[in-house]
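Here the structure is laid out as structure tokens; the discussion comes afterwards.
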Amino acid sequence: MQNIVDNVYNELKAAVEQTADKPCAIAYSGGLDSSLLLALSGYRYIPYTLGFSDSRDIENVDDASSILKINPKIILLDEIDIEGYISQLLKIDPKITKMEMGYELVLFILMDFIPEKYVVTGQGADELFYGYRRFIDNPRLKNDTYINRLFNVTLPREKKMAEYYDKELITPYLSLGMLKIRHYITREDNIEGNRNKLILREIAAKTSLPEEIYNRSKTAAQYGSGINKYLLRQSDKIFRNE
């Protein structure tokens, strides 16, 4: 396993270094994926966090800020016209479902408040490194379907979202170098018992991230931000493909 850990580290580090001359923001949740990218950048990326004031992501980022001595820019959803963003996202992708709307809204709204041209995200980490809970619960579940959907549906949609704001998304976990070695990134190297993303956790330790950051349990963006609770209160009439 050590060989693949080293390869992933080198490719990820190279992808981050390629952004050295770009003013980059990062969508930051205080968890493993975004904290690792932030650390690999030498804390050069400017972290932005979005969520309701009582959400888990805001709590996690407050905690991470204290641990890492960083100062993320916080955008609170409490008084934002979320329905307006929903309407625009439906124009960008009329086929988007409520579930997809949940996690895409976080990035879409966030980009509206980010002045930097380039926005770094942790997209791809869950698919490549078996980060979803369903991979732990179902030992036979492969990640191929999720990777294919990522490239055929999610990334094209997010590119359109970025273009709407005249932004460019940067996804180090999906760099060309990472994709060349992705077939060597196995379930066995990433899942042990109830723990997943073991490769990324080992790299995070190597990067000197504190254990309380890289061992923090994952929460999907729509849940961590509180967006999902909001959407559950909305009329299903605005979603056309449920």
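The values are calculated or read from the model by the stated rules, or taken from the named source; none is laboratory data. Since we're looking at a predicted model, the values are computed, not measured. Note that each Cβ is placed from the backbone with ideal geometry, even for glycine, and that neighbours are counted across all protein chains shown. SASA here: full protein model, heavy atoms, side chains in, ligands and nucleic acids out. Shrake-Rupley method; radii C 1.70, N 1.55, O 1.52, S 1.80 Å.
Among the residues of the stretch 1-23, which ones are surrounded by 22 or more Cβ atoms within 10 Å (Cβ to Cβ) and within 17 Å of the chain's Cα centre (by Cα)?
Keep residues of the stretch 1-23 that are surrounded by 22 or more Cβ atoms within 10 Å (Cβ to Cβ), which gives 8, 12, 16.
Listed by number, the residues that qualify are Leu12, Val16.
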- Query: Which one of these does Tyr48 not meet: (1) part of a helix (DSSP H, G or I); (2) within 14 Å of the chain's Cα centre (by Cα)?
  - Reply: (1)
- Output for Cβ contacts, cut-off 9 Å, separation at least six or different chains, first residue of a type in the set (Lys, Arg) in the stretch 145-156, second surrounded by 14 or more Cβ atoms within 10 Å (Cβ to Cβ) and in a helix (DSSP H, G or I), reads Arg149/Glu127
- Task: Among what's in the stretch 98-138 and is farther than 22 Å from Leu174 by Cβ and in a loop (DSSP other than H, G, I, E, B), pick the residue that is modelled with the highest pLDDT.
- Result: Pro115
- Selection within the stretch 177-233 - at pLDDT 90 or above, part of a helix (DSSP H, G or I), among the basic types (Lys, Arg) and open to solvent by 70 Å² or more (accessible area, probe 1.4 Å): Lys180, Lys206
- Cβ-Cβ under 7 Å pairs, at least 6 apart or on other chains, the stretch 56-76 side within 14 Å of Val106 (Cα to Cα), far side open to solvent by 70 Å² or more (accessible area, probe 1.4 Å) and part of a helix (DSSP H, G or I): Ile75/Phe113
- Residue tally, condition within 29 Å of Asp189 (Cα to Cα), over 12 Å from the mean Cα position of the chain (by Cα) and not hydrophobic (A, V, I, L, M, F, W, C), over the stretch 100-131: 2
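This table checks each residue for (1) farther than 28 Å from Glu192 by Cα; (2) at pLDDT 95 or above.
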position	(1), (2)
Met1	no, no
Tyr9	no, yes
Leu12	no, yes
Leu40	no, yes
Tyr43	yes, yes
